[in-house]
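Shown next, in structure tokens, is the structure this report addresses.
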Amino acid sequence: MKQLTFLLSVFIIPVILFAQTGHIRGTITTADGQPAPAITITLEGTRHTVISNEKGLYEIRAVQPGFWTLSVSAIGTRVQQREVNLQAGDTVIADFVINETAQQLDEVLVSSHRNTEHASVSLRLKTPLLETPQNIQVVDQSALAAQQVISMSDGVIRNVSGATRLEHWGDLYTNITARGSQIQAFRNGFNVVASYWGPLTEDMSFVDRIEFVKGPAGFMLANGDPSGLYNVVTKKPTGITKGEVNLTLGSFDLYRGSLDLDGALSKNRKLLYRFNIAAQNRGSHRDYEYNNRYVIAPVISYQVDDHTKLTLEYNGQFARMTELGSYYIFSKYGYGTYPRNLTFTNPGLPPTTINDHSGYVTLEHSFDRNWKITAQGAYFNYQQTGMSSWPSYMDSVTGSVIRNIGIWDAKSTMALGQVFLNGEFYTGNARHRLLAGIDAASKSYYADWGQSHNLDTLGALFDPTHPTYGVPVNGYPEFDRSKPIEERAIAAWGIQKQRYSSIYVQDEIAFFKEKLRLTLAGRYTDVSQVYGVDVPYSTAKHFTPRVGLSYSIGKTASVYALYDQAFIPQTGVLTNGGAIKPITGNNMELGIKKNWFHDKWYTTLSVYRILKQNELTTDPHSQSNPATSIVLGEKVAKGIEFDVRGTVLPGFTVMANYALTDGRVTKVAPGAEDIYTVGEIVPGYAKHTTNAWLSYELQKGALQGLGISGGFTWLKERHTDWFGANGKLPDYFKLDGGLFYAKNRYRITLNVFNILNRYLYSGSYYPLPASLTDNSIMTPAYYYQTEPPRNLRISFSYHF
């Protein structure tokens, strides 16, 4: 009887309890009547959360009777809510129709999964970003569109902790600083730095996402700065027939249009295409300054079979702009002492023209679901014909100057190739995720900056307080371009070349049901380069190890530790003789990553310490020409970084970040004691960097689709150059915000930038010659470039 009673209780009691609850089920469909998979259905106030299957069906079982609110959502779609009244033992049918079509939903889900879960193919990693033992931040296309970013140097960095542009080259070269140094520029996994200034800043019309990798990345490069890199990933065909046209109008004569087409060229959808074009006319808040461009970027991919895919791509950027450096202002009285619309350029000067070509071929072959090989090749060709401006003289009493125009013609070519293998296998209970590959590149940069011309004379100086812009008293420059750029670059000491090859291997070993992951890697690099003149190459060979550890806390969080190395080859001659060693950089990093509320928003917190050794500087006591060099000593950059992004409430998205950066000299090498001291700040960063961008969109009602957004950038304690207090810039605060409205296939975005109309600028201390015959007589001076006053942009986009 006891056994019978027990068996009856085991089977009958749950039935009774089950009968006292109810069920909720239904179907989720798209706007065009197709099933909507991967939609999250949540019973508000409970832990009941389910995902719709590929037929759009869902079911929530064993729900207590009562009034409940169902919430239906997916990343990139509007949240819908509905109240239901559930009786004991009943089943409530609650169907939903989302606003997106099946095509739009598929695009959103694919994009969101790629952006939040994994790095791009070009970053080479198969491990989800949550489990990767490194701080990697992704800025996707939706964020760029919401903030009306139109080029790589147009506000992208607000989305990443610690990234700044303290001394930069306007909208020509991006030059991003993070963790105390300038980080490397990549495009589609290739290191595209051919000179200190490049590459040409990317137009956002052909950019899909930007991946910021903090610290060294042995799986991508070793011969680069240990502060990190950013990887610009261009748009590729998706296989979905769609398109978008966008028109942007803005202050200071900004007129811009772009078109994005995506689809198939064959009925079997094996041959796909993506085609982007853009054109803009863009003025400036400074008179006589402009930056006009057009862009063309076609891509074709062919699915050879189920395992092999070939992709061909071309990016062409063509610019016509004011001479380089026209945005700089020079003052003996300090920063920001002249009206922000002042310019040192002069109407009538010929434009600087740039033709930037890049082509890529990518072959991907999957042997099976666990093994894949990728081969990529790229060729870059950059042609620049133009000038740069920089004063040659400043009166020590009045601050008036002689404006000087120098030739800056340049030619750059890069041939790059890489092959890498991704694989996964097991040894016992340990899972191995293998990455191995080779990289090779040959880069050359030729520049003629050996000719110059003064626009003004000692008897007729340019007075910044009362500027005049007629025909210059000394006339316009006429430069000799009769010889090839390669010959002119020899006389101008304008040659930079680099060749490198490297081999690397990385194994991520996962233990304890893949909760604990140990990464062991190494990279061997052989690099040769010249700088200045085409003399015999200086060479460096170096092995850089990488060790990482990551542990998953549940399915939504992980903690990690990383040790990584990088090195930077150097050229020159030491004053005391001997071999020149490359700069070595060691990075130690700890962090924690967390996905919140079913991957709706994400946080990353990291701390790091970067040690740099063997860096050279010009010997101030050198009597030779060119001057010899000495070793500076040792520098340490350390800091804290925090990033949060995602949808924290229905319709409410947040992007916010903070970074504390501190870079100091820790050791001084013999002979460098009179240059700097232990404890001195290493310039090139802002100690405190804070950014935010918040957005709220109405989810229902007559005004559904209407939203408001805004954000700010705050830089505190900006250290810019080796001149103590003279190089320290004042704090920076910029407030932006606007409105948007999205309905069906249309979207209108209006943003106002620099709402507070603050006088914003960046620059540095820079003495100028006070004599045209004696270079030892200098006038203390500051140079800076101002940002626009309050201005606005309005964009109209249509998806089809």
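Quick rundown of the values:
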{"item": "Within region 454-493, considering residues that are under 37 Å from the mean Cα position of the chain (by Cα) and not in a loop (DSSP other than H, G, I, E, B), the one modelled with the lowest pLDDT", "result": "A491"}
{"item": "Residue within region 398-411 that is in a strand (DSSP E or B), within 30 Å of L342 (Cα to Cα), polar (S, T, N, Q) and touching a strand residue (DSSP E or B) at 6+ places or on another chain (Cβ under 9 Å) present", "result": "yes"}
{"item": "Single residue of D456, D448 found to be surrounded by 21 or more Cβ atoms within 10 Å (Cβ to Cβ), over 13 Å from M387 (Cα atoms) and in the same structural domain as I354 (by TED's automatic domain parsing)", "result": "D456"}
{"item": "L729 closer than 25 Å to G639 by Cα and at pLDDT 90 or above", "result": "no"}
{"item": "Checking S442 against (1) buried (at least 16 other Cβ atoms within 10 Å of the Cβ); (2) closer than 30 Å to Y504 by Cα, the condition it does not meet", "result": "(1)"}
{"item": "Strands (runs of 3 or more DSSP E) wholly inside region 698-790 that include at least 2 residues being touching a residue at least 24 places away in the same chain (Cβ under 8 Å), surrounded by fewer than 19 Cβ atoms within 10 Å (Cβ to Cβ) and under 22 Å from the mean Cα position of the chain (by Cα)", "result": "706-719, 732-743"}
{"item": "Number of positions in region 516-532 that are in contact with a Gly (Cβ under 9 Å, 6 or more places away or on another chain) and at negative phi", "result": "8"}
{"item": "Members of region 305-335 found to be in contact with a Leu (Cβ under 9 Å, 6 or more places away or on another chain), more than 20 Å from L265 (Cα to Cα) and not β-branched (V, I, T), listed by number", "result": "Q317, A319, M321, E323, L324, S326, F330, K332, Y335"}
{"item": "Residue count, region 370-385 (criterion: crowded, with 21+ Cβ neighbours inside 10 Å and assigned to a loop (DSSP other than H, G, I, E, B))", "result": "0"}
{"item": "Residue count, region 86-131 (criterion: of a type in the set (S, T, Y) and at pLDDT 85 or above)", "result": "3"}
{"item": "Residue within region 320-339 that is modelled with pLDDT under 95, under 23 Å from V121 (Cβ atoms) and assigned to a loop (DSSP other than H, G, I, E, B) present", "result": "no"}
{"item": "Residue satisfying all of: in region 632-677; in contact (Cβ under 8 Å) with a residue 40 or more places away in the chain and part of a loop (DSSP other than H, G, I, E, B); farthest from L70 (Cα to Cα) among these", "result": "G671"}
{"item": "Within region 196-265, strands (runs of 3 or more DSSP E) holding 1 or more residues that are farther than 27 Å from V419 by Cα", "result": "242-250, 254-264"}
{"item": "Any pair with Cβ under 7 angstrom, 6 or more apart, that starts in region 54-73 at a residue that is farther than 25 Å from Q699 by Cα and ends at one that is of a type in the set (F, W, Y) and not in a strand (DSSP E or B)", "result": "A62/F18"}
{"item": "Qualifying residue in region 612-628 (condition: touching a Gly at 6+ places or on another chain (Cβ under 9 Å), assigned to a strand (DSSP E or B), at pLDDT 85 or above and crowded, with 17+ Cβ neighbours inside 10 Å)", "result": "yes"}
{"item": "Pair list, Cβ < 6 Å and 6+ apart or interchain, from region 267-296 residues that are part of a loop (DSSP other than H, G, I, E, B) to residues that are of a type in the set (G, A, S)", "result": "R269/G239; E289/S326; Y290/G283"}
{"item": "Selection status of A415, of a type in the set (A, V, I, L, M, F, W, C), part of a strand (DSSP E or B) and either surrounded by fewer than 21 Cβ atoms within 10 Å (Cβ to Cβ) or at pLDDT below 95 (or both)", "result": "yes"}
{"item": "Restricting region 155-170 to residues that are among the charged types (D, E, K, R) and at pLDDT below 90, the residue that is surrounded by the fewest Cβ atoms within 10 Å (Cβ to Cβ)", "result": "R165"}
{"item": "Residue in region 344-356 that is touching a Lys or Arg at 6+ places or on another chain (Cβ under 8 Å), part of a loop (DSSP other than H, G, I, E, B) and surrounded by fewer than 15 Cβ atoms within 10 Å (Cβ to Cβ) present", "result": "no"}
{"item": "Region 215-235 residues that are more than 15 Å from V193 (Cα to Cα) and in contact (Cβ under 8 Å) with a residue 60 or more places away in the chain, paired with ones that are in a strand (DSSP E or B) and aromatic (F, W, Y) (beta carbon under 8 Å, 6 or more apart)", "result": "G215/Y608; G218/Y504; F219/Y504"}
{"item": "H453 under 30 Å from K332 (Cβ atoms) and not aromatic (F, W, Y)", "result": "yes"}
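Table: residues versus (1) of a type in the set (A, V, I, L, M, F, W, C); (2) over 30 Å from S392 (Cβ atoms).
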{"residue": "R431", "(1), (2)": "no, yes"}
{"residue": "L435", "(1), (2)": "yes, yes"}
{"residue": "P464", "(1), (2)": "no, no"}
{"residue": "Y469", "(1), (2)": "no, no"}
{"residue": "P484", "(1), (2)": "no, no"}
{"residue": "A489", "(1), (2)": "yes, no"}
{"residue": "K513", "(1), (2)": "no, yes"}
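The values are calculated or read from the model by the stated rules, or taken from the named source; none is laboratory data. Bear in mind the structure is a predicted one, so any value in this text is a computation, not a measurement. Backbone-built Cβ (ideal geometry, glycine too); neighbour counts: all protein chains shown.
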